[in-house]
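Have a look at the structure below, then the notes.
The values are calculated or read from the model by the stated rules, or taken from the named source; none is laboratory data. Computed from a prediction, not measured in an experiment: that's the story for all the values here. Don't worry about glycine lacking a Cβ; one is built from the backbone with ideal geometry, like all the others, and counts go over all protein chains shown.
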Amino acid sequence: MDPAEIARIDAEHVWHPYGGFPASTVPRVVTSCAGVRLTLGDGTEVIDGMSSWWAAVHGYAHPVLDAAVRRQLSSMAHVMFGGLTHEPAAALAAKLVELTPQPLTKVFFADSGSVSVEVAVKMAIQYQRSLGRPDKRRLLTWRGGYHGDTFAPMSVCDPDGGMHAMWRGVLAEQVFVEAPPRDFDPEYVALLDRALSRHADELAAVIVEPVVQGAGGMRFHDPRLIRELRRLCDAHDVLLICDEIATGFGRTGELFAVDHAGVSPDILCLGKALTGGYLTLAATLTTDTIAHVISAGEAGGLAHGPTFMANPLACAVAAASLSLLDDGAWRAQVEMIGERLTAGLGALDGTPGVAEVRTLGAIGVIELDRDVDMVAATDAALAQGVWLRPFRNLIYAMPPYICTSGEVDRIAAAMVSAARAGLAATVSREAV
Ligand code: PMP
């Protein structure tokens, strides 16, 4: 199909994330992807600074991942998971149990990150019910979080600045504490302690994104906070759910963000980079104890079972993607990406309108003091040959781990251009 025809049909019929008709930003047609590059409808090649939203950590058309999908396709693309099992699911589960913190031994395969959070919430509530504590069914979280777009995840997304404010009154009412500070602060730990004491009788679990709050604002916090949270959850008999859908598989410099803190959650959600961004798969892991308590409860098991659970193609490519992390070479790459982003974004030091520049692992963020003109910012990055997806007051990147240092430098330069162009085209909030 001609790219212009694709764009025409798309504009007429296809919803995009948080999109409407007519679309506020016109999507670019992408015709193919290979390595770290996307080829656009007009034939230009751009470096993907987003890893397709944290997912494509090994880049596109990777020979090992392509081969894994082809091999699996030759025997079985999909089969129901009720009453049946298969090697790709078993092998992937074993690998995930090996890689994740030790007490996590039971794996539920979901088909998207949001569903894996739904499952985590159901696990926590079913666990408490099975123990005869039906009142423990709420969740505590901190502001500034993002956990997905279905109903349970939306209920724990940031209630104000977040994307789900219009659902207030419809969503389950959860307990919120203020967003965590950047630096470790014992006062904040005390605040968490007080909130947990006050609500322990009605809380099934605490749910947080450890170390990096992603789509809710790209904020970082000290890993020691996760260690304190683990201690407080134990003290108040509340489960700890860590959502590592964005941070999992090396992005923050450790394989999992909880590894910075040296603790394990009771329930861990994984997605995005699990399949190297090839296919839609997520996983919710929990402990033997929780699994056995749930299984001994009224339902006799976990009340969830999606049609495409443990899709064999997705499991096979996930196992292949994890094998690419086995030799640990990603660590040096993530470090290099962080260093180059830090150096490149330094060009913005002292620029009016720039609130903060921060990097962690292979993540770079420019926070502006106002919402940017997304079209101007995106176009400025594209003019530098880089695909970015600025959001509100944030220009950020999480490049594929296979980027060369030169490619990371180009991403950083494009972020700087995007920030400048976005600021120039934007009327400041104060002026409106
Ligand atoms: N949790 C976090 C931390 C996420 O970043 C996301 C996706 N941005 C989700 C959950 C939801 O995942 P999905 O989009 O695959 O449903």
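Residues are listed down the side, and each one gets a yes or a no for (1) surrounded by fewer than 22 Cβ atoms within 10 Å (Cβ to Cβ); (2) more than 16 Å from Thr286 (Cβ to Cβ); (3) hydrophobic (A, V, I, L, M, F, W, C):
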| site | (1), (2), (3) |
| --- | --- |
| Gln213 | no, yes, no |
| His221 | no, yes, no |
| Ile226 | no, yes, yes |
| Asp234 | yes, no, no |
Within the range 109-142, the residues that are of a type in the set (Lys, Arg), part of a loop (DSSP other than H, G, I, E, B) and more than 30 Å from Pro181 (Cβ to Cβ) are Arg133
Among the residues of the range 255-288, what is the count of those that are away from the ligand (no atom under 16 Å from the Cβ), part of a loop (DSSP other than H, G, I, E, B) and either farther than 22 Å from Pro134 by Cα or among the small types (Gly, Ala, Ser) (or both)? 4
Would you say Gly422 is in contact with a Pro (Cβ under 9 Å, 6 or more places away or on another chain) and modelled with pLDDT under 95? yes
Just a yes or no: is a residue in the range 106-126 over 19 Å from the mean Cα position of the chain (by Cα), modelled with pLDDT under 95 and within 16 Å of the ligand (Cβ to nearest atom)? no
For the range 348-383, which residues satisfy the criterion of being without any contact (Cβ under 8 Å) to a residue 40 or more places away in the chain and in a strand (DSSP E or B)? Ala355, Glu356, Val357, Thr359
Listed residues Ala343, Ala319, Ala314, Ala291; which is more than 17 Å from the chain's Cα centre (by Cα), within 16 Å of the ligand (Cβ to nearest atom) and part of a helix (DSSP H, G or I)? Ala314
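Among the residues of the range 283-302, which ones are touching a Lys or Arg at 6+ places or on another chain (Cβ under 8 Å) and at pLDDT 95 or above?
Leu285, Thr286, Thr287, Asp288, Ile290, Ala291, Leu302
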Among the residues of the range 130-171, which ones are among the aromatic types (Phe, Trp, Tyr) and surrounded by fewer than 22 Cβ atoms within 10 Å (Cβ to Cβ)? Phe151, Trp167
From the residues in the range 218-244 that are within 24 Å of Val119 (Cα to Cα), part of a loop (DSSP other than H, G, I, E, B) and out of contact with any Lys or Arg (no Cβ under 8 Å at 6 or more places or on another chain), which one is nearest to the ligand (Cβ to nearest atom)? Glu244
Being in a loop (DSSP other than H, G, I, E, B) and among the hydrophobic types (A, V, I, L, M, F, W, C) is the filter; apply it to the range 60-101 and report the residue that is surrounded by the fewest Cβ atoms within 10 Å (Cβ to Cβ). Leu84
Regarding Gly145, is this residue within 16 Å of the ligand (Cβ to nearest atom) and outside any helix (DSSP H, G or I)? yes
